[in-house]
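The values are calculated or read from the model by the stated rules, or taken from the named source; none is laboratory data. Model, not experiment: these values are computed from the prediction. Please note: Cβ atoms are built from the backbone with ideal geometry, for glycine as well, and neighbour counts cover all protein chains shown. Quick note on the areas: whole protein, heavy atoms, side chains included, nothing else; ligands and nucleic acids left out. Shrake-Rupley method; radii C 1.70, N 1.55, O 1.52, S 1.80 Å.
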Amino acid sequence: MASIAQPQIQAPTLPKPQAEESGLWSWLTTVDHKRIAKMYGISAFLFFLLGGLEALLIRAQLSRPENNVVDAQRYSELFTIHGTTMIFLVVMPLSVAFFNLVVPLQIGARDVAFPRLNAFSYWTFLAGALILYIPVLFSLPGIFAHAAAVAWSNILGSPLLNGVQPWFDANLPFATVVPDQGWYGYAPLTESLFSGREIDFWALSLQVLGVASMAGAFNFIVTIINMRAPGMSMMRMPMFTWSTLIVSILIVLAFPAITIALVLLTFDRLGGTMFYRAFSLTDGTLVTAGGDPMLWQHLFWIFGHPEVYILILPAFGLVNEIIPVFSRKPLFGYAVMVYATAAIAFLGFGVWVHHMFTTGIGPTPVAAFSASTMLIAIPTGVKILNWTATMWGGSLQFTTAMLFAVGLVSQFVIGGLSGVMHAVVPVDTHHNDSYFVVAHFHYVLFGGSIFALIGGLFYYWPKVFGKMLDERLGKIQFWLQFAGFNLTFFPMHFLGLAGMPRRYSTYSFESGWWFWNIIASIGALMIAASVLIFLINVTRTTRFGRQAEANPWDGSTLEWAIPSPPPVYNFRITPLVTHRDQLWHDKYDRVQESAGRPDQVADTIVAIDQLPERSPVGVAVAEAEAEEGHIHLPNPSYYPLLLSIGLFLLAFGILVNNPHIQLGFFGIPIISAFGFLLLVTALYGWSFEPAG
Amino acid sequence: MAIAIEVETARGAGHIDHGGHGHSEHPPTSTGLDSRKMLMWLFLASDCMFFGTLISTYMIYRNRAIELGTPPYPNEIFDIPYTSVSAFVLLMSSLTMVLALSAIQRGDHRGLRIWIAATALLGAIFVGGQFFEFTEFTHEGLGLSTSVFGASFFVLTGFHGAHVTIGVVWLLSILFISLRGGMPAEKAVDVEIAGLYWHFVDIVWIVIFTLVYLIPYADGPEGVVEEAPHAFLRLVTVGERFLAALPF
């Protein structure tokens, strides 16, 4: 390694790189993965706040028996939007924010393989989110006004609400098209016989979000396979990069199922087909239509179960980065961790029927899927063991990031155990559609994904923004959130076992469920307070935060070798990778190697400043760039944004009333036609634009 | 100019292909494979799942019209000789696609244009054939909402037809670019990627043709109602109907 000749080159005086420009236009046309990461992160966090508000309204309604903060219709809308938001608009994009930020840096690349496709992913995500949220933003203020009126009359005893109808809904545009069928949208509830326009909003929003996810996933697979720095073999890749690769493969293979499922649903609703309709209503009588609502359940969960691994594996990836760094030890069982992640992803495609045990599908599939579901506990258990063994005997540093990572390990074990319980069919039959299930998936998705993602925010904040988040406030946030989380969701196990069904807008006093419900609502307020503390922390940090060094946590992966925040080109010279924990090797092993010869120690320590080692390829590129006088970076482009706007209009035209152009059999909404033209124009403009 | 650099690492040697300096069209990749080609392969992997989902749906519903006694039934409307002809046309377009790629790799621009045009033409004939087939089926009473058999048939084959249509537009774009002189031999990979897509769409048709048309169906509850018309006669009928529909 030391034998490689390292041509010493002087960094040339560089013109200010284009992408460093500020202003709105530079953000709209950016293809820089770090900027896209920020946009993903900020959008996802805003949706986290909105999804949290929806959760608080749900908890307000359930805080006492026969409550009237929201009516049954509004309640259905709230749990539907809360679920859809948290899954598709929070955990997934927040994970993608980390993919964008971390992966190119970890593999020593200057950007992703397809920077414009990356920008397209973000804008399309935003387009899909808008389709879902235009109705919600119109109806949320009304719901809040109503909730405030109820609170007023509850506290002051004045019957402000007597005789007041839900005045807030019908008058505002879009306020009656908030989806209300639940996040998995079971047929035939979603068929036109039982629902209105809101299902189309939901379905098309998910379609557009799916395009965004798949475009991103293609990009990250190619990036990870093809853009690694010289010497970084697959088994030297950091574990977060591995998680990204495997999650992206899951997205690429799982999303087609829901895309087709939604296409069939849209045909049922707008094209008169009967894919999910067992009966149709003709002249007041029910006629056998031949369709099968079970088809929806199969297609949805063939997507839906891999989806839960799409939600949790990025979180596992972050924990794989955080725990070794704060245990001051390399990850225990790296190779086994890689295989376990791959095994979880593979098995994840063979367990979907465990969401359907109570549909009467028959003993053979039930037994087979029960067994395959239990199998998943093995690779998951391997991961838990590896994290524990990494911490074992390490010099543990309980920073906020580490607290959240260990929080995931402990909370996910609880959620995982109740998951294994659900693999046991008789138990599942008892728990099905009860609050026990609600408790289970919040333990894995909140106690799992959200804990790790917030831990990841604390871990990577210095790298992105160059400022250290306040550790004291962070620890207060963690303990408040940890206590609030368990207070909210642990009692739901009891409620479920006591028979409280999920998705009911209220319950009677006689049911005896009020005690644990008020406890859960108090816990929800504590979670809200912890998020508030995080917001205060962010504000304080932005103003007064301590400047971050390049490697504030003494991390071992390449992203910590470059300044915080990273320069627009990431690595001036592409590094050479010789070890898995490259920076630790360079820093500690080399000092140890030269320990026998004290005269060399000083030299070695000087060499640390020049980390990481330069690759010959990187040096050749940098020398060429020095001659040309500029660093080679992808050009900004407005075509990704145009393409996304086209896609948005295409979907939006189907949803709102607008004139149609008659083309033979088909009436094409004028907005959609315009969107399609824009889409095609942008596609051709994109193809002919030099990629830079 | 591509140069190869051997990198000695602590664990073994890695071989890196590297395309010269920062100005090069394709930056060096870890595997030496073209990134866009890899993107197309990944897209095809996911397209397998798209078609897989639709084909499963069709396989679940393929006998539903017969079971429920809602005509028309598959045996009454499917015309295997006719569809065999259009399947043959589509398969031949894979051959012309190979010839187009081979031409541009040799720097034969005229060959590229001829074979790309031929591929696009064969693809267009297939799509036209499918359009006529759909029209025929509609005339015989099979619509999207007639039965789930009809719905899953139209959505599956229509999804495939949309793929072929997009492919034809893509090929015509390549032809246009080549005529404008924008398709040098170094850009043969652009044609190769379009070819990957085109061959995939062909292969999927082999699967669809087998599962939808070739695997026999039971007769409807009333038995065989009528013999399927001969493919040629049918084309003539369709042609006559088309001419009759013209406004002049």
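Here are the numbers for this structure:
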read-out: Residue match in the stretch A:246-253 (condition: closer than 28 Å to A:L130 by Cα, buried (at least 24 other Cβ atoms within 10 Å of the Cβ), within 11 Å of chain B (Cβ to nearest Cβ) and of a type outside the set (A, V, I, L, M)); value: yes
read-out: Matching option when the condition is modelled with pLDDT of 95 or more, of a type outside the set (S, T, Y), surrounded by 21 or more Cβ atoms within 10 Å (Cβ to Cβ) and not in a loop (DSSP other than H, G, I, E, B), among A:I36, A:I42; value: A:I36
read-out: Residues of the stretch B:128-174 satisfying the condition of being open to solvent by 30 Å² or more (accessible area, probe 1.4 Å) and of a type in the set (D, E, K, R); value: B:E140
read-out: Selection within the stretch B:41-62 - at the interface with chain A (Cβ under 7 Å from one of its Cβ atoms), under 18 Å from A:L264 (Cβ atoms) and either surrounded by fewer than 18 Cβ atoms within 10 Å (Cβ to Cβ) or not hydroxyl-bearing (S, T, Y) (or both); value: B:M49, B:F50, B:L54, B:I60
read-out: B:T138 vs. criteria among the hydroxyl-bearing types (S, T, Y) and out of contact with any helix residue (DSSP H, G or I) (no Cβ under 9 Å at 6 or more places or on another chain); value: yes
read-out: Residue pairs meeting the criteria (Cβ under 6 Å; at least 6 apart or on separate chains; first assigned by TED's automatic domain parsing to the domain that holds B:V236 and on the phi > 0 side of the Ramachandran plot, in the stretch B:136-165; second surrounded by fewer than 24 Cβ atoms within 10 Å (Cβ to Cβ) and outside any helix (DSSP H, G or I)); value: B:G141/B:P72
read-out: Helices (runs of 4 or more DSSP H) wholly inside the stretch A:546-636 containing at least 3 residues that are open to solvent by less than 50 Å² (accessible area, probe 1.4 Å), more than 16 Å from A:P104 (Cβ to Cβ) and at pLDDT below 80; value: A:598-608
read-out: Selection within the stretch A:55-69 - open to solvent by less than 20 Å² (accessible area, probe 1.4 Å), in a helix (DSSP H, G or I) and under 16 Å from A:A149 (Cβ atoms); value: A:L57, A:Q61
read-out: Some residue of the stretch A:329-339 being in contact with an Asp or Glu (Cβ under 9 Å, 6 or more places away or on another chain), closer than 14 Å to A:M391 by Cβ and buried (at least 18 other Cβ atoms within 10 Å of the Cβ); value: yes
read-out: Residues of the stretch A:205-239 classified as assigned to a helix (DSSP H, G or I) and more than 7 Å from chain B (Cβ to nearest Cβ), total; value: 20
read-out: Among residues of the stretch B:31-40, those that are under 17 Å from A:L117 (Cα atoms) and either more than 7 Å from chain A (Cβ to nearest Cβ) or not in a helix (DSSP H, G or I) (or both), counted; value: 4
read-out: Filter result for the condition that a residue is over 30 Å from A:A187 (Cα atoms) and in a helix (DSSP H, G or I), over A:M402, A:M374; value: A:M402
read-out: Residue that is at pLDDT 90 or above and of a type in the set (A, V, I, L, M, F, W, C), where the choices are B:V189, B:V236, B:V224; value: B:V189
read-out: Check on A:T282, more than 8 Å from chain B (Cβ to nearest Cβ), open to solvent by 10 Å² or more (accessible area, probe 1.4 Å) and in contact (Cβ under 8 Å) with a residue 60 or more places away in the chain; value: no
read-out: Among the candidates B:A65, B:A118, residue that is facing another protein chain (nearest Cβ under 8 Å) and either in a loop (DSSP other than H, G, I, E, B) or open to solvent by less than 30 Å² (accessible area, probe 1.4 Å) (or both); value: B:A65
read-out: Residue match in the stretch A:98-113 (condition: under 16 Å from the mean Cα position of the chain (by Cα), part of a helix (DSSP H, G or I) and more than 26 Å from A:I573 (Cα to Cα)); value: no
read-out: The stretch A:348-406: number of residues that are in contact (Cβ under 8 Å) with a residue 60 or more places away in the chain, of a type in the set (S, T, Y) and open to solvent by 40 Å² or more (accessible area, probe 1.4 Å); value: 3
